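Values quoted throughout were computed directly from the atomic coordinates according to the rules given, and no laboratory measurement underlies them. As the structure is a computational prediction, the values presented were derived from the model and not from experiment. All Cβ positions, glycine included, derive from the backbone under ideal geometry; neighbour counts span all protein chains shown.
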Amino acid sequence: MRAKAVYLIVVMLIAGSWLANYGYYRYYRLPEPGFLRHYIETTYTPSVAFDLLYVANKDDLRKPTSVTAKGLEALLFYPVQVHQELSSHTIYILRGYFDVNRMSERSEEAEEPLRLNSVTVYYSDGTMSEENVGEIIVYRPVWPPETSKEPPVRMSMAGSSSDHGGRAVVSVNRQVTLTGLTSAWLEKLGDSFRYELKTAASETPQTSDASPPLELSEGQAVTLDYRFRMQGTSDALSVYNVQLRERYEEPGGDSYIYTVFANYTPYPTDAQMRAYVREIRGRKD
């Protein structure tokens with residue numbers, strides 16, 4: 001009788017252990033590693049291109065080493081780095097850039113931007129595959145750029161903060177009209193992104209709220225404040241590269257675009273990752 005009781009206890013302990021392992025697998029482990037969702041605007045000129053974030057279970061040995069994208073021959077990536085370590089997962093980051101030595105001349109700006117959803121990923125085990133990363137929008141201006149004429153505005157100050165906000169200030173060199181501010185992602189972001197334009201005369205620190213069109217004179221400044229408000233939204237674990245394109249028009253009809261770069265890179269908590277795993281597993285089931 002006693003042996004039977006011991007046997008039942010052992011069976012219960014094994015069953016409990018199995019259930020615990022199943023629970024861990026169900027709620028903590030990704031069914032397979034992959035990229036977070038990316039919503040990227042970038043400009044095809046020698047510069048920083050964009051970052052890609054890849055999330056894997058901690059015991060996964062395979063990791064991405066490089067990426068190529070159709071139509072972006074100048075795109076290269078620095079060696080993969082760890083972006084964030086969580087209790088059960090590792091998030092890797094691949095930092096891309098457009099190499100000046102691989103750029104081809106473009107005499108005219110492309111009428112439509114290049115749009116990509118997938119990239120070719122090369123892995124540490126020698127394999128490769130096409131992976132969906134979200135959506136990448138690539139603007140393709142003239143290259144090399146026209147430099148004989150001074151632009152009507154110049155950067156005065158730019159910076160960002162750890163709470164996903166930022167500010168950019170431009171100074172006006174000569175009479176010009178700010179006709180609009182656009183980005184491909186403003187409509188999608190909705191209330192999750194806020195920006196505010198202000199103008200000021202150079203001799204006074206006071207600013208006034210403004211909205212395009214704005215007629216500006218030499219010596220004035222235009223301030224753009226922005227902030228991502230992703231907490232609690234379905235996009236909290238998405239990656240955003242937003243190009244806020246301020247369009248200026250001169251009296252003679254020439255136009256100029258000044259771009260403010262607003263980026264959102266997630267740093268999820270373990271609780272957010274557990275929710276992310278449940279979402280991914282739900283899609284697989």
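Between SER129 and GLN272, the simple spin-label model (points 7 angstrom out along Cα→Cβ) gives 2.5 nm. The charge dipole of the stretch 214-285, taken about its Cα centre with unit charges on the Cβ of Lys, Arg, Asp and Glu (plus for the first two, minus for the last two), comes to roughly 860 debye. The structure shown yields mean projected area of the Cα convex hull in nm², and of the options [x] 17.1; [y] 20.5; [z] 15.7 that calculated value carries the label [y]. Put a dot 7 Å past the Cα of GLU111, heading toward its Cβ, do the same for ASN173, and the two dots end up 3.1 nm apart.
Once C-alpha pairs closer than 8 Å and six or more residues apart are averaged by separation and normalised to the residue number of the stretch 34-147, the relative contact order reads 34 percent.
A Förster distance of 30 Å, applied to the separation of the beta-carbon atoms of VAL142 and ASP225, puts the FRET efficiency at 0.50. From helices alone, the chain scores -5500 deg cm²/dmol at 222 nm; the rule is -39500 (n - 2.57) for each run of n ≥ 4 DSSP H residues, then divide by the residue total. Relative contact order for the stretch 149-280: 27 percent, from Cα pairs under 8 Å spaced at least 6 residues apart, divided by residue count. Computed over the stretch 116-185, the range of Cα coordinates on each principal axis works out to 56, 35, 22 Å, biggest value leading. Projecting the Cα atoms of SER238, TYR44, PRO212 onto the charge dipole of the chain, computed from C-beta unit charges around the Cα centre, puts SER238 farthest toward the positive end. For the Cα trace of the stretch 34-147, dividing Rg by the Kirkwood Rh returns an Rg/Rh value of 1.02.
Here the chain is assigned +1 on the Cβ of each Lys and Arg and -1 on the Cβ of each Asp and Glu. Its dipole about the Cα centre then comes out at about 1800 debye. If only the Cβ of Lys and Arg carry +1 and only the Cβ of Asp and Glu carry -1, the dipole of the stretch 149-280 around its Cα centre is close to 360 debye.
Each of GLU150 and ILE257 was given a label point 7 Å from its Cα along the Cα-to-Cβ line. The distance between the two points is 2.5 nm.
Largest mean-square fluctuation among PRO212, PRO113, PRO33, in a Gaussian network model of the chain whose springs join Cα atoms under 10 Å apart, belongs to PRO212. Place +1 on the Cβ of every Lys and Arg and -1 on the Cβ of every Asp and Glu in the chain, take the dipole about the Cα centre, and give the residue among SER87, THR269, GLY71 whose Cα lies farthest towards its positive end. Checked the options; the winner is SER87. Applying a DSSP loop filter and a limit of 15 other Cβ atoms within 10 Å to the GluC sites (Glu not before Pro) in the stretch 111-147 leaves GLU111, GLU146.
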